[in-house]
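**Q** Once you've had a glance at the structure underneath, I'll fire off some questions.
The values are calculated or read from the model by the stated rules, or taken from the named source; none is laboratory data. Everything quoted here is computed from the prediction, not taken from an experiment. Cβ atoms come from the backbone with ideal geometry, glycine included; neighbour counts cover every protein chain shown. The accessibility values were calculated without ligands, DNA or RNA, using every heavy atom of the protein model including side chains. Shrake-Rupley method; radii C 1.70, N 1.55, O 1.52, S 1.80 Å.
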Amino acid sequence: MAGTDKGLSYRDAGVDIDAGNRLVDLIKPLVKATRRPGADAEIGGFGGVFDPKAAGFKDPLIVATTDGVGTKLKIAIETGRHDTIGVDLVAMCVNDLVVQGAEPLFFLDYFATGKLAPEVGAAIVAGIAYGCKESGCALIGGETAEMPGMYADGDYDLAGFSVGAVERGELLPRPDIAPGDVLLGLASSGVHSNGYSLVRRIVEGSGLSWDEPAPFEPSRTLGEALLTPTRLYVKSALGAIRSTGKVKALAHITGGGLTENLPRVLPKGTVGRIDLSGLPVPPVFRWLAQTGNVAAEEMLRAFNCGIGMVVVCAPQDAETVADAFADGGEEVVHLGAIEPGEGAARTVYDGALDIGLPL
């Protein structure tokens with residue numbers, strides 16, 4: 001059996017323990033910077049510990065989420081830009097926590113690759129740590145798996161796991177959602193982290209390379225523009241929920257778009273009616289629709305189309321809630337209202353989506 005003079009080693013099989021140790025050394029200060037009450041944010045043990053009481057909770061319900069980044073990873077890998085994809089990973093988890101009224105407490109990541117490059121891993125974790133700090137949650141652990149033969153050279157995969165808490169009785173959506181309630185939209189930062197299999201197919205058909213100027217944003221390369229990280233809504237959402245007490249529900253607009261995600265927080269026998277003329281459609285979506293000849297109906301199911309979060313509140317509270325989100329840094333638009341319907345909740349549209357193609 002081939003190997004060193006001392007016999008076959010783990011490194012000969014493709015797993016470099018020293019590289020893993022170097023990665024841990026590189027990310028320790030990043031992890032430490034995410035400390036918050038309830039967690040010491042140290043790594044190296046067999047598990048992370050969090051104390052909800054130290055975080056100020058009295059009778060909390062625990063909420064847990066897990067997600068990944070999908071094929072947006074392929075753009076990061078092919079462009080060699082790894083510093084923002086970790087933000088996406090955190091956002092996809094913590095945005096799902098806050099829509100239930102929960103405060104993110106801690107986060108763990110899973111990073112798997114065929115051959116570990118410590119500097120690449122450190123860049124990814126830097127993005128994760130940034131996302132955690134911006135969301136007020138501690139990065140308390142994770143797993144790095146080097147698996148030769150499972151991934152092509154340079155490829156990797158990411159998964160994230162976040163746990164939050166909400167005091168009993170404050171869980172969203174509230175049970176008093178009813179026809180007449182108002183729908184507010186919070187602007188997205190772009191494509192976020194859904195629909196990238198379609199995005200990549202459109203880019204492939206366009207003949208453009210990742211390092212060419214983005215047709216919809218010429219000051220940046222196409223790869224850089226499409227790697228714009230998912231917006232983190234945690235601080236603004238928690239601020240509005242706590243300062244007003246008037247937020248009835250939040251819907252995170254991910255895969256399935258407004259069409260599929262808004263009904264998830266609406267009661268049976270209602271519809272969410274949205275005026276498409278109110279959507280602040282970013283230029284990237286117009287380019288995707290026109291270049292890929294993607295119909296407006298499909299755009300609304302595949303992408304967020306400019307709205308990353310929908311807020312439900314009573315009509316008399318709409319101005320107060322909108323102002324609270326605006327004070328938190330969000331661009332807020334009035335989308336429509338909830339109306340009576342039949343059967344399962346659904347989304348219906350008025351007007352036309354501003355993408356240059358018919359609905």
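**Q** Could you name every one of the strands (runs of 3 or more DSSP E) located completely within the range 223-342 that has at least 3 residues being over 23 Å from the mean Cα position of the chain (by Cα)?
**A** Those strands (runs of 3 or more DSSP E) span 270-275, 332-340.
**Q** Please verify whether Val191 is at pLDDT 95 or above and not in a helix (DSSP H, G or I), treating the condition exactly as stated.
**A** Judged against the criteria, Val191 is a match.
**Q** Here is a check on your reading of the model: is Gly351 open to solvent by 30 Å² or more (accessible area, probe 1.4 Å) and either at pLDDT 95 or above or farther than 21 Å from Ser236 by Cβ (or both)?
**A** Against the criterion (open to solvent by 30 Å² or more (accessible area, probe 1.4 Å) and either at pLDDT 95 or above or farther than 21 Å from Ser236 by Cβ (or both)), Gly351 qualifies.
**Q** Okay, next question. Pairs, please: C-beta under 7 Å, at least 6 apart or cross-chain, first residue at positive phi and in the range 53-82, second of a type in the set (Gly, Ala, Ser) and part of a loop (DSSP other than H, G, I, E, B)?
**A** Gly70/Ser193
**Q** To continue, here is another question. Only one of (1) farther than 20 Å from Asp181 by Cα; (2) touching a strand residue (DSSP E or B) at 6+ places or on another chain (Cβ under 6 Å); (3) surrounded by fewer than 20 Cβ atoms within 10 Å (Cβ to Cβ) fails for Gly278. Which number is that?
**A** It is condition (1) that Gly278 fails.
**Q** Within the range 49-101, how many residues are closer than 19 Å to Thr230 by Cα, small (Gly, Ala, Ser) and touching a strand residue (DSSP E or B) at 6+ places or on another chain (Cβ under 6 Å)?
**A** Residues that pass the stated criteria total 1.
**Q** Suppose we filter the range 112-152 for residues that are aromatic (Phe, Trp, Tyr) and either in contact with a Lys or Arg (Cβ under 7 Å, 6 or more places away or on another chain) or modelled with pLDDT of 95 or more (or both); how many remain?
**A** Count: 1.
**Q** Here is a follow-up. Go through (1) out of contact with any helix residue (DSSP H, G or I) (no Cβ under 7 Å at 6 or more places or on another chain); (2) modelled with pLDDT of 95 or more; (3) open to solvent by 20 Å² or more (accessible area, probe 1.4 Å) one by one and return the number of the condition Asp67 breaks.
**A** Of (1) out of contact with any helix residue (DSSP H, G or I) (no Cβ under 7 Å at 6 or more places or on another chain); (2) modelled with pLDDT of 95 or more; (3) open to solvent by 20 Å² or more (accessible area, probe 1.4 Å), only one is false for Asp67: (1).
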